[in-house]
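The values are calculated or read from the model by the stated rules, or taken from the named source; none is laboratory data. Because the structure is predicted, anything quoted here is derived from the model rather than measured. Every residue, glycine as well, gets a Cβ built from its backbone with ideal geometry; the counts of neighbours run over all protein chains shown. Keep in mind that these areas ignore ligands, DNA and RNA; they rest on the heavy atoms of the full protein, side chains included. Shrake-Rupley method; radii C 1.70, N 1.55, O 1.52, S 1.80 Å.
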Amino acid sequence: MTDSAPRPNLIYIVADDLGFADLGCYGGREAGFGPVSPNIDALAAGGLRMTEGYANSPVCSPTRFALMTMRYQYRLRGGMEEPINSKSKGNPRLGLPPELPTLPSLLREAGYATALIGKWHLGYPPAFGPLRSGYDAFYGIMAGGVDYFTHCSGKGDHDLFVGEEEHHEVGYLTDLLSQRAVAHVRERASDAREGRPFFLSLHYTAPHWPWETRADAHMAPEVAANLFHLDGGDVETYRRMIHHMDEGIGQLVAALREEGLLENTLIVFTSDNGGERFSDNWPLVGGKMDLTEGGIRVPWVAHWPAVIPAGSTSTQHCMTMDWSATMLELGGAAAPAGHALDGVSLAAVLREPAQTFERPLYWRMNHRQQRALRKGPWKYLRVDEHEYLFDLSRDARERANLAKRHPDIFEALRAQWLAWNETVPPIPEDAAVSLGYSAADMPQR
């Protein structure tokens, strides 16, 4: 993109609990019905696929805080919940403060039309909500998960909204979100062609539990009392849920193409964290709630025909807030003076995917007192009282602990993590860890 080129439309697609290898373009197996993700795979083939990209957290709402603020989620009280749960309803502290600059609020100030279609999970009205944090329009859910057909949360509350008004609509949630996204693009198309671009957050709940495909409306009464759906699901159902999302993304891409907008639209696809019960994280170990690679390394696909060379791959280290910072820069917006961002723009990598730069990445979790630092090929990790050092360039499964073989590297990275940890607030004693299930429900990974 040159300085005189029009600013791109921006579409930020976030799946929920998708595993690193669930997609065909990341080595995922075909399902019994065929390819699981042909449309996302086509975006990767026509654009950029990141092989060492990460989520800001191994659990949903903390990652979403980072996506919105472009800062480490640990800077906000709500971002230290793992994750925000229904008990936070009405709590004026546990959410995204409306006065805080966000990606959509800053893009809106720069002239973008902004909308969120899908999952919010950053606190409940009246204190919090998408319309209070920079979005012009919202269609979706406030909670962390709902039934795909009744659109009720685990507490039984109906949770589908247009703006802040409760909205009742018959349909499978994944399809409803896709249909709204397509309609929104068509509504914005004329303005976009005339130079007022749009920013669309399309945040699916798929393939998050309960395990319901488009054909499973009859299951809604069975899972109403426990949306964790601990006695249900299977790999084929899970893959079908991903496929439904993929079909909707294909419809969205088709609408962009028909409206003449695809060439100058940046589409970014990712997951909020690593996979859960039925996901495929190969070759990684662990999943949701873990700071092992399976919990935080996620798919990152970017498609922008005007700029990104087709068929590109990148080994650049990055995390959720970096992609948000990238969109901020590409949209011609900037953070207010004195409001430093932790996210680093990847705009140069989009233009030349072969280039990389050093990008240390930090994590911590209240759950099991986990901590992690990725720097170059090395990863420092702590889980419970155990500490590790891994060379991820040779051992992505984190099986060979090199802490004793390379004590100098281990101590340097450990000290670097401790120094970083002093720059963010401590985890408060009342911060919640909400697991939903334990080894009593299923064997550990």
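One table, with the values for the structure above:
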| read-out | value |
| --- | --- |
| Unit charges on C-beta of K, R, D, E only; dipole of region 374-445, Debye | 520 |
| Residue 146 accessible area, assembled protein chains, probe 1.4 Å, Å² | 0 |
| Full-extension gain in nm, residue 131 to residue 430, via 0.36 nm per residue minus C-alpha separation | 104.8 nm |
| Per principal axis, descending, Cα span of region 351-445 in whole Å | 43, 37, 32 |
| Alpha-carbon centroid distance for the pair region 124-194 / region 227-292, whole angstrom | 18 |
| FRET efficiency for residue 157 and residue 234, using Cβ-Cβ distance with R0 set to 35 Å, rounded to 0.05 | 0.80 |
| For region 106-228, convex hull volume per residue from C-alpha positions, Å³ | 100 |
| Values of log10 I(q)/I(0), in the order q = 0.16, 0.18, 0.21 Å⁻¹, for region 145-289 under a Debye, Cα-only, solvent-free model | -0.95, -1.11, -1.32 |
| Rounded to 5, the percent of DSSP beta bridges in the chain classed as antiparallel | 50 |
| Extended-chain gain in nm, criterion 0.36 nm per residue less alpha-carbon gap, residue 395 and residue 170 | 76.3 nm |
| The chain - percent relative contact order, Cα under 8 Å, separation 6 or more | 24 |
| 21 Å Cα-Cα reach of residue 379 towards lysines, excluding residues that sit fewer than 8 places from it in its own chain | 288, 404 |
| Base-10 log of normalised Debye intensity for the chain (one unit scatterer per alpha-carbon) at q = 0.06, 0.07, 0.13 Å⁻¹ | -0.22, -0.31, -1.18 |
| Dipole moment magnitude, nearest 20 debye, region 149-213 about Cα centre, only Lys, Arg, Asp, Glu C-beta charged | 360 |
| Charge dipole of the chain about the Cα centre (unit charges at C-beta), most positive-ward option of 91, 403, 121 | 403 |
| Solvent-accessible area per residue, Å², over the chain with all protein chains present [probe radius 1.4 Å] | 37 |
| Debye intensity ratio I(q)/I(0), log10, region 269-325, q values 0.28, 0.30 Å⁻¹ (C-alpha model) | -1.18, -1.26 |
| Kyte-Doolittle at least 1.6, axis length at least 15 Å by Cα - qualifying DSSP helices, the chain | none |
| Length added when fully stretched, residue 45-residue 347, from 0.36 nm per residue minus Cα-Cα | 106.8 nm |
| Estimated FRET transfer efficiency (residue 418, residue 193; beta-carbon r; R0 56 Å; 0.05) | 0.60 |
| Value at 222 nm in deg cm²/dmol, rounded to 500, when DSSP H runs of n ≥ 4 in the chain each add -39,500 (n - 2.57) | -7500 deg cm²/dmol |
| Region 74-168: translational diffusion in µm²/s, Stokes-Einstein, Kirkwood Rh over Cα pairs, 20 °C, 1.002 mPa s | 157 |
| Signed unit charges on C-beta, dipole axis of region 1-132, positive-most listed residue 26, 39, 69 | 69 |
| Residue 51 accessible area, assembled protein chains, probe 1.4 Å, Å² | 40 |
| Range of Cα positions in region 373-416 per principal axis (Å), largest first | 23, 22, 18 |
| Order of exposure, largest accessible area first, which applies to 379, 89, 404 with probe 1.4 Å | 404, 89, 379 |
| Reachable lysines, given that their alpha-carbon falls under 20 Å from the alpha-carbon of residue 87 and they are not under 8 places away in the same chain | 119, 155 |
| 300, 282, reordered so the largest accessible area comes first (probe 1.4 Å) | 282, 300 |
| Cα centre as origin, Lys/Arg/Asp/Glu Cβ charges: the chain dipole, Debye | 1000 |
